[in-house]
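The values are calculated or read from the model by the stated rules, or taken from the named source; none is laboratory data. No experiment lies behind these values; they were computed from the predicted model shown. Heads up, the Cβs are rebuilt from the backbone with ideal geometry, glycines too, and the neighbour counts pull from every protein chain shown. What goes into the accessible areas is simple: the full protein's heavy atoms, side chains included, and nothing from ligands, DNA or RNA. Shrake-Rupley method; radii C 1.70, N 1.55, O 1.52, S 1.80 Å.
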Amino acid sequence: MEGKLYRGEDYKEFDSQDYLKTYYTFDSGTVAENEILKFNLKNLFQTFSSGGVGGDILIDIGTGPTIYQLLSACEVFREIIVSDYTDQNLREVEKWLKKEPGAYDWSPAVQYVCELEGDRSRWQEKEARLRRTVTRLLKCDVTEPHPLGPAQVLPADCVLTLLALECACHDVDTYRAAIRNLVSLLKPGGHLVTAVTLGFQGYIVGNKNFFGLHLEKETVEKALQDAGCQVLRCQHSPISYTETFCISKGMCFAVARKSPSA
Ligand code: SAH
């Protein structure tokens, strides 16, 4: 392991393949990682199948090299915009969208979500639907007041962000500002949906140590409220990552609604 702590602009050196191998290998020995993925997939399923959250545009922020977070959402949004700080993560998503050689195989996750939705056999149909629904891949920086930079994007019905802000923000004030920046992308009454690694202290990708911001569930809820949202749900789970990869203590999954008069 290198001694350096990677953060901020160092994300240029984030290895998408190493990240996928460590945190998203299904049915391997990494039981905790599988449980965390299932926790997020179940919460996403509940959020997007309950009838309350849906519409025209969903923006996923800090998408990384992953698409699992969009599998339930693609059934209830007309258009999905994915975004990340790094080119290599966007490229990894593009490879999957275009079915290019070497694209990551998400089919076990897709099948799992189809099973939650009641029909495991429709997984190829869901993959095709997600590929049709993602219309844009944009660069983003959550620490900027306009996280999507100069890109012209209409106000969204939903902003989704999983496991990204606690990587991108180096202190709680920056985290709170990032939540405000993301809320500014929403229509009044739109939803912000987020999953957070709690008690985070950092994680490894390949042989690199990345910074992690220590957050408590209450800090997440307060940041959402102070940004003008009502917290509709904040589900806590005690599951933590395998300690050799990532130091953390529990997870939370929150659904918040921007004030309709904002
Ligand atoms: N959402 C994915 C990836 C999380 S990894 C998942 O659920 O697995 C953390 C992600 O945060 C990386 O993709 C990284 O590129 C992104 N990131 C780091 N700094 C960022 C910033 N300032 N703005 C937006 N995204 C950032």
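What the table below lists for this structure:
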read-out	value
Nearby lysines by direct alpha-carbon distance to LYS99 (threshold 20 angstrom, same-chain neighbours under 8 apart not counted)	LYS21, LYS126
Residue-normalised accessible area of segment 147-262, given per residue in Å² at a 1.4 Å probe	40
Percent of beta bridges antiparallel (DSSP, the chain, rounded to nearest 5)	50
Per residue solvent-accessible surface (Å²) - segment 16-66, probe of 1.4 Å	35
Choice from ALA178, ALA128, ALA156 showing the highest fluctuation, given a GNM over the chain with Cα pairs closer than 10 Å	ALA128
Segment 175-262: GluC sites (Glu not before Pro) in DSSP loop, at most 10 other beta carbons within 10 Å	GLU243
Nearest-20 debye value, the chain charge dipole, Cβ charges on Lys, Arg, Asp, Glu	600
The chain - percent of accessible surface contributed by carbon and sulfur, probe 1.4 Å	49
Aspartates and glutamates with Cα under 15 Å of LYS38, excluding same-chain neighbours fewer than 8 positions away	ASP27, GLU115, GLU117
Over segment 203-262, relative contact order from alpha-carbon pairs under 8 Å, at least 6 apart, %	33
Dipole of segment 110-164 [Lys/Arg +1, Asp/Glu -1 at C-beta], most positive-end residue of THR161, THR143, TRP123	TRP123
Amide H within-cut-off set for VAL134, under 5 Å, with H built and near neighbours excluded	ILE80
Choice from GLN17, GLN46, GLN152 showing the highest fluctuation, given a GNM over the chain with Cα pairs closer than 10 Å	GLN152
Helix runs (DSSP H) in the chain reaching 18 Å along axis by Cα, Kyte-Doolittle at least -1.0	31-49
Listed residues GLY202, LEU185, SER237: farthest to the positive end of the dipole of segment 150-240 (Cβ charges)	LEU185
Value of relative contact order over segment 112-195, rounded to a whole percent, pairs C-alpha under 8 Å and six or more apart	29
Cα-centre dipole for segment 25-154 with unit charges at Cβ (Lys and Arg positive, Asp and Glu negative), debye to 20	340
Distant-in-sequence amide H partners of LEU160 (H built 1.01 Å from N, under 5 Å)	ILE59, ASP60, ILE61, VAL193
Packing rank of 99-111, 59-71, 157-169, 245-257, where each peptide gets the mean count of other beta carbons within 10 Å, highest leading	59-71, 157-169, 245-257, 99-111
Semi-axes of the equivalent ellipsoid for segment 154-212, Cα gyration tensor, largest first, Å	26, 12, 9
Where only C-alpha atoms are counted, convex hull volume of segment 75-215 per residue in Å³	141
Contact order relative to length of the chain, as percent, for alpha carbon pairs under 8 angstrom and 6 or more apart	21
Distant-in-sequence amide H partners of LEU232 (H built 1.01 Å from N, under 5 Å)	VAL255, ALA256, ARG257
More than 32 angstrom apart: percent of Cα pairs within the chain	14
Estimated translational D of segment 1-150 in µm²/s (Stokes, Kirkwood radius over Cα pairs; 20 °C; 1.002 mPa s)	131
Length added when fully stretched, ASP87-LYS21, from 0.36 nm per residue minus Cα-Cα	21.9 nm
Residue among GLY51, GLY228, GLY212 with the largest mean-square fluctuation in a Gaussian network model of the chain, springs linking Cα atoms under 10 Å	GLY51
